[in-house]
Amino acid sequence: MAYLGDAGQHYLFGFNAGLEYKNFYLNAFFQGVLKWMVYDGNRAFEADSWPQLSYFYHNTWEPNHMDARYPRLSTSPDINNNNYSISDASYMLYNNKYIRLKNIQVGYTIPSRITTRYKLNELRIYFSGTDVFEKYNLPGVFDPEKPFAHFITAFPREYSFGLNLTF
């Protein structure tokens, strides 16, 4: 036996960054985890279930590919179950470290010499995005906050453009 870590999230972080230059501004919020050992319980092959996950393609053992990451594929329930369902082999364990851009705002404030003509205190044009980007360490396409989960809705991304008027 070898200790491979625990399933807890370690070294969680979040930080805000802001920048203003002349009438332009940028605000961004990042969050993530630096260490989170997660188990991939997905099977490479299930004849009666969802299709094979693409990250298994060309990565399973074959006589001409003996350095593959995953064991050989088989339709035999004994081999398949021993290789994937109940295995706690280290090839099934990943450090799900990730960083996600949770929010970003980019904008421009119209100069006051222009806005005072129209009796406005301030006029800002902006772009805002939520859950815009993430970088993670898992194979395949997953939400890093819910690793290896198939039956969840894809992570929604939101974008908006707008005007802020202050009278």
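The values are calculated or read from the model by the stated rules, or taken from the named source; none is laboratory data. Note that this is a predicted model, so its numbers are computed, not measured. Ideal geometry is used to build each Cβ from the backbone, glycine not excepted, and the neighbour counts take in all protein chains shown. All accessible areas refer to the heavy atoms of the entire protein, side chains included, with ligands and DNA or RNA removed. Shrake-Rupley method; radii C 1.70, N 1.55, O 1.52, S 1.80 Å.
Computed extension gain for Asp131 through Asn164, at 0.36 nm per residue and net of the alpha carbon distance, reaches 9.7 nm. Could you pull the accessible area for Ile114 with a 1.4 Å probe, rounded to 10 Å²? Rounded to the nearest 10, the figure is 60 Å². Of all lysines in the structure, the ones whose alpha carbon falls short of 30 Å from that of Lys146, not counting any fewer than 8 places away in one chain, are Lys35, Lys97, Lys102, Lys135. Taking all protein chains as shown and a probe of 1.4 angstrom, Thr109 keeps an accessible surface of around 30 Å². With every protein chain in place and a 1.4 angstrom probe, the accessible-area ranking of Arg157, Arg117, Arg100, largest first, reads Arg117, Arg157, Arg100. Counting heavy atoms of the protein chains alone, Met66 has an accessible area of about 130 Å² for a 1.4 Å probe. How charged is the neighbourhood of Pro139? Take every other residue with its Cβ under 9 Å from the Cβ of Pro139, and add Lys/Arg as +1 and Asp/Glu as -1. Value of the local net charge: 0. Within the shell of other residues whose beta carbon sits under 14 angstrom from the beta carbon of Asn95, the net charge comes to +1, with Lys and Arg scored +1 and Asp and Glu -1.
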